[in-house]
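The values are calculated or read from the model by the stated rules, or taken from the named source; none is laboratory data. None of these values were measured; they are calculated from a predicted model. As a convention, Cβ positions derive from the backbone with ideal geometry for all residues, glycine included, and neighbour counts pool all protein chains shown. Surface accessibility is based on the protein's heavy atoms, side chains included, excluding ligands, DNA and RNA. Shrake-Rupley method; radii C 1.70, N 1.55, O 1.52, S 1.80 Å.
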Amino acid sequence: MNISKIKHKVETAVAKASFDLRPDVHRLIKRAYLKESNSRARKGLKWILDNAQLAAIERLAICQDTGLPIVFIEASKKVKISALLIETIKKGVEDGFRKNSLRASIVDPIERKNPSYKGVICHLNFSTGIKGLKVIIFPKGFGSENKSALKMFNPTASLEEIEDFIVKTVNDAGPEACPPFVVGVGIGGTADYALLLAKKALLDRVDKSNSNKILKTMEGNILKKINKLGIGPMGFGGKTTALAVKIKKTSTHIAGLPVGVNVGCHALRSATIDIKI
Amino acid sequence: MQTIKVPISKKQGNALNAGDSILLTGVIYTSRDQAHKRLVSLIKKGKNLPFNLKGQVIYYCGPTSTPKGKVIGSCGPTTSSRMDDFVEPLLKKGLVAMIGKGRRSSKVRNLIKKHKGVYFIAPSGCGVLLAKKVIANDTICFSELGPESICELYVENFPLIVGIDSKGNSIYKDLR
């Protein structure tokens, strides 16, 4: 495993995530545009599509909020994990931000001075399902991140209660979180883990339905309810308030049922690198 | 589509209605969270502001770094409601228009009505589309705030929708 090669790949992925709208997200926005009849909402969707095209050509960030960079690292059992590897990936993200003139949006939460590129958040996981090393770069914008929510339900809560909480979270998010959204949901685990799962759900293909039958039905029900809210692209009304709802679940405690919601804006960005070992 | 030039005349401003699509041409000033905090703190202390707000337009925006050879980087609007608590002293100093994204509080809507101002919505998450409309870009103060510094932009045909008009009508429901 060549460390400098990994750093270079990470830098390239940062640019890709920031300049090129994900094809799956683009597909759903295009679909929403074609079926929209509200003229202002249609205009909003056209702006989004034109902007994505311009960003790709000009090599400029789709959105000026180039996000707080989150990195998901997944390693097979053959990968030797070291502090050096993690530091290299973090440095690759920082340099990728700097070299591509992305925004220095990271500050100390109390002092709020000297915005920089330092403060990349890394999550490390091991998986037997992959070969080599998988690195996902996820720059998360904060207009949508600010609308995240967590609710610790009673274990006896109905699916309908959970669905209503998710719909209410999206309704509260409103026009300022940059709809049409992709809504990430995490069910189970602990309070922190449900929110992490919700974030991870945004990394799944948004144009593919869930392989779990119950979750697939829930996703469909929630999406239908959300798209009846009438918020629409940029809050201009119309048919599409959300492009997709993505749910992930994991086992939890008999006493609890944590549900986390992470809202993704229409400029949902990520890029994946697969490194062979 | 109607083109509006800065400074926006009283007559032109009053004729705008929530929902109107317009193109804005002229000077606008970027300012967001920390710059607002500083401006309002200067006003409270009775000190001079780094620029005259009379008749001006503030754009809630923190652009990316400017790539070599370009006028500006990606420069879309940020969430306006975070600036809601800072609006009144700025309007009192003569601010006429604000550009951003999303809903405002009822208080801000009423202040806009009282001061005959206007709140514009810019295409959110469309920072490149908007960058193409920026002809000039100069940092005028608070440069240590990086993307939160105040920049004077000259924009041409900047596409906007009237969010709240001088009569206090809004295209959105109030935030709270």
(request) From largest accessible area down, sort A:GLU94, A:GLU160, A:GLU58; use a 1.4 Å probe on the protein chains. (result) A:GLU160, A:GLU58, A:GLU94
(request) Enumerate by residue number the trypsin sites (Lys or Arg not before Pro) in region A:176-211 meeting two conditions: DSSP loop (anything except H, G, I, E, B), and at most 14 other Cβ atoms within 10 Å of the site's Cβ. (result) A:ARG205, A:LYS208
(message) Please compare each pair in A:LYS99/A:LYS276; B:LYS47/B:LYS133; A:LYS43/B:LYS133; A:LYS5/A:LYS78 to a cut-off of 28 Å on the Cα-Cα distance and tell me which ones are over it.
(response) B:LYS47/B:LYS133
(request) Please report the relative contact order for region B:2-175, taking Cα pairs under 8 Å with a sequence separation of at least 6, and give it as a percent rounded to a whole number. (result) 32 percent
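In terms of solvent-accessible area of protein heavy atoms at a 1.4 angstrom probe, what is the ranking of A:SER127, A:SER39, highest value first? Numbers along the way, then the final one.
On the way: A:SER127 30, A:SER39 95 Å².
Solvent-accessible surface, decreasing: A:SER39, A:SER127.
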(message) Given a 10 angstrom Cα cut-off, can you work out which residue in A:GLY260, A:GLY119, A:GLY238 is the most mobile in a GNM of chain A?
(response) A:GLY119
(request) With all protein chains present, calculate the accessible area of B:MET98 using a 1.4 Å probe and round the result to the nearest 10 Å². (result) 0 Å²
(request) Run the 1.4 Å probe and let me know the accessible area of A:ILE231, rounded to the nearest 10 Å². (result) 20 Å²
(message) For region A:60-84 and region B:121-161, what is the centre-to-centre distance using only Cα atoms, to the nearest Å?
(response) 30 Å
(request) With a 1.4 Å probe and all protein chains in place, put A:HIS8, A:HIS266 in order of accessible area, largest first. (result) A:HIS8, A:HIS266
(request) Hand me the trypsin sites (Lys or Arg not before Pro) from region B:42-88 located in a DSSP loop with no more than 11 other Cβ atoms within 10 Å, in residue order please. (result) B:LYS45, B:LYS47, B:LYS54, B:LYS68
(request) Output ³J(HN,Hα) for region A:246-255: one whole-Hz value per residue in order, computed from phi by the Karplus curve 6.51 cos²θ - 1.76 cosθ + 1.60 with θ = phi - 60°, and x for Gly and Pro. (result) 10, 10, 10, 10, 8, 4, 9, 7, 4, 8
(request) Tally the DSSP beta bridges in region B:31-176 and give the antiparallel ones as a percent, rounded to 5. (result) 55 percent
(message) At 1.4 Å probe size, what's the solvent-accessible area of B:MET83? Round to the nearest 10 Å².
(response) 0 Å²
(request) Determine the gain in length on full extension of the stretch A:ASN171-A:ASN125; use 0.36 nm per residue of separation and subtract their C-alpha separation, reporting nm with one decimal. (result) 13.2 nm
(message) Please give the Cα centre distance for region A:170-218 versus region A:90-120, rounded to the nearest Å.
(response) 27 Å
(message) Using each residue's phi in region B:21-32, evaluate 6.51 cos²θ - 1.76 cosθ + 1.60 at θ = phi - 60° and report the 3J(HN,Hα) Karplus result to the nearest Hz, with x for Gly and Pro.
(response) 8, 9, 10, 9, 10, x, 8, 9, 10, 6, 6, 9
(message) Going by amide H atoms built from the backbone, whose H comes under 5 Å of the H on A:ALA244, apart from near neighbours?
(response) A:VAL183
(message) Averaged across A:124-131, how many Cβ atoms of other chains sit within 10 Å of each residue's Cβ atom?
(response) 0
(message) Check which residues have an amide H placed less than 5 Å from A:GLY232's amide H, if you skip close sequence neighbours.
(response) A:GLY237, A:THR241
